[in-house]
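The values are calculated or read from the model by the stated rules, or taken from the named source; none is laboratory data. In this text the structure is predicted, and so the values were computed from the model without any measurement. Note: ideal-geometry Cβ built from the backbone for every residue, glycine included; neighbour counts use all protein chains shown.
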Amino acid sequence: MEKKSELHYIEHKNIDSEKWNRCIDNSANCRIYSYDWHLDRTAIIWDAFVWGDYEFIMPLPFRKKMGVKYLFQPLFSQQLGIFPNPPAKIKEQFYSALLKKFSYSDFQINSENSAVSVEKEIEFTARDNFLLPLNQDYSQLSKSFSKNTKRNLTKANKNSLSLVQGVGLEEYLEFKRENLVAGLSKKEFASLKSLIAFGQYKGFGEIYGVYTPENKLCAAVYFCRWKERVIYMNAASNEQGRELGGMYFLVDSFIRNHANNNITLDFEGSMIPGVARFYHGFGAAPETYFQLKFNRLPLPFKWLKR
């Protein structure tokens, strides 16, 4: 029987979960965000492009509004795109198929997928992730800390803060609800809760918390380890935590405790200058990935989505 080697659009219900996850698992550009169990908790509604017998795959998180089907970037899912990174000719077929299937796109591809396309309607915008390899001892890693980071750590270390690994999920979520600058919907909170609970259950996710001398939680991060990356996936801090340098203390403690390991701390990056400066202050280097956008909506909807 001749092996198929062409691109297919496959609805979510027809995706072979075992082949899908095996493809992601074996990809050099593997990202946790593209496993079906992660997409089911974040995108919820998604289909896929599949090349051949799951040789290359691309998750397609989409929504529908007024009969228009469009691609979007799910929360808690930084980099999607094509897995593994295909040859240029196959990549072009994926990009061309996007234009035929969807009227609008605003989602992010992974750092291994190039931002080159013959399709002039597709716009690629560079975004920065921040990565810190921890394969040196702490004394070497700390030499790359910025002056501002070192100054904040000196202050934080005088505040009698304590680090706890294994903060409870409900305590973390309540802390996050109380200290969000921009709120999350009930559905988004449920998605976050499901992701963290699954990570804790499977043993690859853990919440680290910083407590004041009065035993009050003031900063916390959900870290998720997948293959050689430990992802700084979700964080929260309150006003007291910011005053005491809680997040500086937490990240420094994590680096200190995981130094000399063949893992990379993945901060997930930010285009917000202050947040990017915080990550870069620990010696993290930028990794470029791309936002993939196009707008083929009919007028006047096209103007509204600019």
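Among Trp51, Trp37, which is in contact (Cβ under 8 Å) with a residue 12 or more places away in the chain and either out of contact with any strand residue (DSSP E or B) (no Cβ under 7 Å at 6 or more places or on another chain) or hydroxyl-bearing (Ser, Thr, Tyr) (or both)? Result of the check over Trp51, Trp37: Trp37. Scanning region 237-291 for residues that are of a type in the set (Val, Ile, Thr) and within 21 Å of Ser139 (Cα to Cα) yields Val251, Ile255, Ile263, Thr264. The criterion of at least 2 residues that are surrounded by fewer than 16 Cβ atoms within 10 Å (Cβ to Cβ) is met by the following strands (runs of 3 or more DSSP E) wholly inside region 100-182: 123-133, 162-165. The set of residues in region 246-271 being in contact with an Asp or Glu (Cβ under 9 Å, 6 or more places away or on another chain) and either at pLDDT 95 or above or not aliphatic (A, V, I, L, M) (or both) consists of Ala259, Asn260, Asn262, Ile263, Thr264, Asp266, Gly269, Ser270. Please indicate, with yes or no, whether at least one residue in region 268-275 is outside any loop (DSSP other than H, G, I, E, B), in contact with a helix residue (DSSP H, G or I) (Cβ under 9 Å, 6 or more places away or on another chain), touching a residue at least 12 places away in the same chain (Cβ under 8 Å) and surrounded by fewer than 22 Cβ atoms within 10 Å (Cβ to Cβ). No, the conditions are met nowhere in region 268-275.
The single residue among Ala259, Ala182, Ala236 that is touching a residue at least 60 places away in the same chain (Cβ under 8 Å) and out of contact with any strand residue (DSSP E or B) (no Cβ under 9 Å at 6 or more places or on another chain) turns out to be Ala259. Sort out which residues of region 115-128 are in contact with a helix residue (DSSP H, G or I) (Cβ under 9 Å, 6 or more places away or on another chain) and under 29 Å from Phe278 (Cβ atoms), and write them in order of number. Listed by number, the list holds a single entry, Asp128. Scanning region 172-190 for residues that are among the polar types (S, T, N, Q) and under 17 Å from Ala43 (Cβ atoms) yields one hit, Ser185.
For every residue, the table says whether it meets (1) in the same structural domain as Ala28 (by TED's automatic domain parsing); (2) of a type in the set (Ser, Thr, Tyr); (3) modelled with pLDDT of 95 or more.
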site: Ser105; (1), (2), (3): yes, yes, yes
site: Ser114; (1), (2), (3): yes, yes, no
site: Val118; (1), (2), (3): yes, no, no
site: Asn152; (1), (2), (3): no, no, yes
site: Lys158; (1), (2), (3): no, no, yes
site: Ser162; (1), (2), (3): no, yes, yes
site: Glu171; (1), (2), (3): no, no, yes
site: Ile196; (1), (2), (3): no, no, yes
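Here's the yes/no breakdown for (1) in contact with a strand residue (DSSP E or B) (Cβ under 8 Å, 6 or more places away or on another chain); (2) in contact (Cβ under 8 Å) with a residue 24 or more places away in the chain; (3) not in a helix (DSSP H, G or I):
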| residue | (1), (2), (3) |
| --- | --- |
| Ala197 | no, yes, no |
| Val210 | yes, yes, yes |
| Cys224 | yes, yes, yes |
| Leu250 | yes, yes, no |
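Table: residues versus (1) of a type in the set (Gly, Ala, Ser); (2) part of a strand (DSSP E or B); (3) within 27 Å of Glu228 (Cβ to Cβ).
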site	(1), (2), (3)
Asn29	no, no, yes
Asp40	no, no, yes
Val50	no, yes, yes
Tyr54	no, no, yes
Arg63	no, yes, no
Tyr70	no, yes, no
Gln78	no, no, yes
Lys89	no, no, no
Glu92	no, no, no
